[in-house]
Amino acid sequence: MQELTNNALMLKVKSGDLDKLGLLYERHKKRLFGFFYNMNGNASLSEDLVQNVFERMLKYKHTFTGEGSFSAWMFRTARNVNYDYYRKNKMAFKQNEVSTIAYKLEDTDSIENTMQQRDDISILNRALQKLPPEKKEVLVLSKLKGMKFIEIAAILGCSEGAAKVKAHRALKDLRMIFLQLETR
């Protein structure tokens, strides 16, 4: 039996076959968890927010047209769930650790290089904490989740070029903050 595409599954959910949402959940729960965990650094909260995304997808299934990328529609929903959570709870975005980014040095035998690596990771983590949530979000989607800019554009509600510009500016700001922190 040929495996159904995400778009086809969501169209079946839209037409009333709610069991297909379970298949979509199994396919995408890890990606969504990673997105939320990279945004807030809290595993328990991330699991709850993943559930909220699928509840909202069920509630707003009528808005899915089948045109375009299912992933973009799903991550747009995830983005809204994330913002709504923090808006409701009036919490500042909790910054995550950079533990998901693996840094590999050429010379791992050198204690000096290992210490420098740890310092760089610490500085990068502090730099990420200083980025506004919308800039951090673009970096998480593009660099950590490896999404294409056309999908990011659909999530953010802008053109592909604008998404690229946002990612470039976010990286530029991260680099500037990193360099400022590094000189201290």
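Identify, from the list Ser71, Ser44, the residue that is outside the structural domain of Pro132 (by TED's automatic domain parsing), surrounded by 13 or more Cβ atoms within 10 Å (Cβ to Cβ), among the small types (Gly, Ala, Ser) and closer than 30 Å to Leu128 by Cα. If you could, list the steps in order and put the result at the bottom.
Values: Ser44 fails: surrounded by 13 or more Cβ atoms within 10 Å (Cβ to Cβ).
Selected residue: Ser71, the only one of Ser71, Ser44 that is outside the structural domain of Pro132 (by TED's automatic domain parsing), surrounded by 13 or more Cβ atoms within 10 Å (Cβ to Cβ), among the small types (Gly, Ala, Ser) and closer than 30 Å to Leu128 by Cα.
In the list Leu45, Leu49, Leu58, which residue meets the criterion of being over 28 Å from Gly16 (Cβ atoms) and out of contact with any Lys or Arg (no Cβ under 7 Å at 6 or more places or on another chain)? Before you say what the answer is, go through the steps one by one.
Working: Leu49 fails: over 28 Å from Gly16 (Cβ atoms); Leu58 fails: over 28 Å from Gly16 (Cβ atoms).
Selected residue: Leu45, the only one of Leu45, Leu49, Leu58 that is over 28 Å from Gly16 (Cβ atoms) and out of contact with any Lys or Arg (no Cβ under 7 Å at 6 or more places or on another chain).
When we screen Leu181, Leu128, Leu171, Leu141 for residues that are farther than 22 Å from Arg79 by Cβ and touching a helix residue (DSSP H, G or I) at 6+ places or on another chain (Cβ under 8 Å), the only hit is Leu181.
The values are calculated or read from the model by the stated rules, or taken from the named source; none is laboratory data. If you're wondering where the values come from, they're calculated on a predicted model, not measured in any experiment. Methodologically, a virtual Cβ is constructed for each residue, glycine included, from the backbone with ideal geometry; neighbour enumeration extends over all protein chains shown.
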